[in-house]
Each structure stands twice: as structure tokens, then as C-alpha cells.
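None of the figures in this text is laboratory data; all of them are computed from the coordinates on show. Since the model is a prediction, treat every value here as computed from it, not as a measurement. Don't worry about glycine lacking a Cβ; one is built from the backbone with ideal geometry, like all the others, and counts go over all protein chains shown.
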Amino acid sequence: MTTDDRFKLLMHRMIARRLDASAIAVARARVDEIDDGRECRQEWRSLLGLPVDGLRRRITERSEEMTRLRLSSPLPIVFDFTDEALRRRMWRLAKKPQELAMVEIYTDLMGTDELTVVEIARMLGRSASWVEHWLRVGDLRSRMRADVEDFAEDRRKRDAALAEIGKSTDTDG
């Protein structure tokens, strides 16, 4: 996933928290307005027909399909992303996926209710303001689960590849 893909994912996570029926109606009107025959317009029409909770899940989903569709999303026009400071913070977060994953793992596994920001900061060797910034970014639990699932999938693939290599060297010898 590129930095731009992570930026769009962060943007859609922020949108998902504020998404309601009126925002969906505006996005649907935008899709109809710019209907240029591209396949993605029809895909967005279909997505915008989902119930709000279903749409929230889909737009924050980590999949090749949603990564592709977020590039042509009608949703960012519904919310104000013109604040330069906000955009800079989002770009910084998008450039540091490992740090994002670290915070998410601690907050999800330990529960932010049980850990204070200062305790999380100590564990990560970071400042409390750094942790507070990450916690404000949004739904850390769902992002952490996605990152852990990605990590687990990568590990399964690596283990399978290593097993194949081991089998081939056993039969060669």
C-alpha cells in the first residue's frame, strides 16, 4: 500500500465516523452529476446504496478493490478537507505505517480504557502528545485489526514459501 493509498484510507476513516444519510445523498448526486461512463461510477452508485453501517465498513476496508475505488471516491467533497494543518498531519501519518501499527496494537490489545496515554507513551518510547495525536486520528481498533490480519497473512505466505523451499531441497538431495 502506497503513502497515497494510506492517506486516502485515513481520509475515508475520518469520513466514516461522520457519515450519515444526507452526506450519502450529496455523494450520490455528485456521482450522477459526473457520470462519464467509467465503471467506477457504477461501483460507487452501488456502494452508496448500502446502509450507512455497511458503507462505513466498505470505505475503510483494506482490499485491492477499495484501494482502487478510493481513488475516485465522491465522499471527500462532502466533508471539508481544506484545512492545511489537518492534511499535513494526515500525510505524516500515512508516511509512517509502522508507528500507526504500534499504537494500534497497544491500544487494542490492552484497551485504551485500561491504559493511560502516558503509559502507552512510555511503552512506545514516545511523548504523550504523540500518542494523543494518534488516538485522535480515529478508530484505532479496526485499523489495528486490519494491520494484524495483514501481518498474519504475510506471515502465513512467508511460512508457506519457506515450507515449499524446504520440500524442494529435501527432494533435490
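For the reader, a short list of remarks on this structure follows.
- Within the straight-line cut-off of under 22 Å between alpha carbons, the lysines reachable from residue 8 are 95, 96, sequence neighbours fewer than 8 places apart in one chain being disregarded.
- Label-point separation, residue 163 to residue 83 (7 Å along Cα→Cβ), nm: 4.8 nm
- FRET efficiency for residue 154 and residue 91, using Cβ-Cβ distance with R0 set to 30 Å, rounded to 0.05: 0.75
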